[in-house]
Ligand SMILES: [Zn+2]
């Protein structure tokens, strides 16, 4: 009897942790395909990315693109991939510099961008938007003893770290993928890192549970484009390097996509009917429609009249 109860408890724990894993996806073993896809590549001068970010084939996925910025005083790591990838990141960073890793910046809360924070030790400075810190604090991965791997410094609208050629400007422009997406600019290199606000050429993930908004998405990108000048290269969330015209196009895509979803909603179409009837691929060459349905679901949810309590 005792054994049965124990088994039941174990099964419950397993089911709960599987549910919690949806965003956190801790990996026990690193797949050879993912290891092969996870490469350190130079962006410009002292700025690199670590790839493996394309989640289309989960076997090849290690988490969002990681930025590696080597400054005079140490290395800044932007996004730490899934849990279990920290040592791989450290080894790759040390293949190009002996400097200590001093700072982590998390662009947003998701486990494929924050999962390996703990591998860098408790003394590393961790920086994120204030809403991202609050969102991370709700994750099992940062509860109890692991709370020491939460951001130590936060910002609301803008903050800069470092100076001269080592400066990074962090901006918050509003809701979209979540309610705490940081945009990073490396002014000396004319590079911007977008996190998952621009992840791929398809509908975005709109994480309503973490404050994301489809309706505000394009306006948020509009603020970025109006404010950030003098960049020519974009490190995005989950696909190769892009350009500013790519981001301008993504803003147009999101305006068109949300307008189409609003129309479908007004016409009384179900999520499935909307997903079947909307296709912007011919207007936006190179775009996919693999992620429309989840985004439509999130926007439909957002369009529901506010519940009265
Ligand atoms: Zn994300």
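A short reminder: the numbers here are calculations on the coordinates, not readings from a lab. Small disclaimer: the values here were computed from a predicted structure and weren't measured. Quick reminder, even Gly has a Cβ in these numbers, built from the backbone with ideal geometry, and neighbours come from all protein chains shown.
Using R₀ = 22 Å, calculate the FRET efficiency as 1/(1 + (r/R₀)^6) where r is the Cβ-Cβ separation of residue 148 and residue 98; round to 0.05.
Using R0 = 22 Å, I get an efficiency of 0.25.
Pull out a ≥ b ≥ c, the square roots of the eigenvalues of the alpha-carbon gyration tensor of segment 43-105, then state rounded if a/c is under 1.5, prolate if not and a/b is larger than b/c, and oblate in the remaining case.
prolate
Once you put a point 7 Å from the Cα of residue 208 and another 7 Å from the Cα of residue 58, both along the Cβ direction, what distance in nm separates them?
Taking the simple label geometry, residue 208 and residue 58 are separated by 2.3 nm.
Across the chain, what fraction of all alpha-carbon pairs, as a whole percent, falls in each successive 10 Å bin from zero upward?
Over the chain, the share of Cα pairs per 10 Å bin runs 6, 27, 34, 22, 9, 2, 0 percent.
Among 228, 75, 261, rank each residue by its count of other Cβ atoms within 10 Å, from fewest to most, as a rough exposure measure.
228, 75, 261
What full-extension length gain, to one decimal in nm, is calculated for residue 283 and residue 31 as 0.36 nm per residue of separation minus the Cα-Cα distance?
87.0 nm
How much length is gained on full extension from residue 303 to residue 140, taking 0.36 nm per residue of separation minus their Cα-Cα distance?
55.7 nm
Sort 206-212, 284-290 for me by packing, meaning the mean count of neighbouring Cβ atoms within 10 Å per residue, highest on top.
My ranking of the peptides, most packed first, is 206-212, 284-290.
Roughly how far apart, in whole Å, are the Cα centres of segment 146-221 and segment 121-139?
Segment 146-221 and segment 121-139 have Cα centres spaced 13 Å from each other.
Can you compute the FRET efficiency between residue 241 and residue 125 using 1/(1 + (r/R0)^6), with r the Cβ-Cβ distance and R0 = 45 Å? Round to the nearest 0.05.
Calculated value: 0.95.
When DSSP assigns beta bridges and you keep just the ones with both residues in the chain, what percent turn out antiparallel, to the nearest 5?
65
Give me the mean projected area, in nm² to one decimal, of the convex hull enclosing the Cα positions of segment 229-309.
7.4
Show that you can apply the helix-only estimate: for the chain, add -39,500 (n - 2.57) for every DSSP H stretch of four or more residues, divide by all residues, and state [θ] at 222 nm to the nearest 500.
Mean residue ellipticity, 222 nm, calculated: -10000 deg cm²/dmol.
Based on the mean of other beta carbon atoms within 10 Å per residue, what is the order of 130-140, 164-174, 272-282, 189-199, most packed first?
189-199, 130-140, 164-174, 272-282
What fraction of the Cα pairs in segment 114-167, stated in percent, has a spacing above 12 angstrom?
Across segment 114-167, Cα pairs with separations above 12 Å total 66 percent.
Pop a pseudo-label 7 angstrom from the Cα along the beta-carbon direction at both residue 294 and residue 255 and give the gap in nm to one decimal.
Label-label distance for residue 294 and residue 255, simple model: 2.7 nm.
Taking the Kirkwood radius as the inverse of the mean 1/r across Cα pairs, report the Rg/Rh of segment 155-277.
Value, to two decimals: 1.03.
Once the convex hull of the C-alpha atoms of segment 54-200 is built, how many Å³ does it hold per residue, rounded to a whole number?
Cα convex hull per residue, to the nearest whole number: 111 Å³.
Roughly how many nanometres apart are two label points built 7 Å out from the Cα toward the Cβ at residue 230 and residue 39?
3.3
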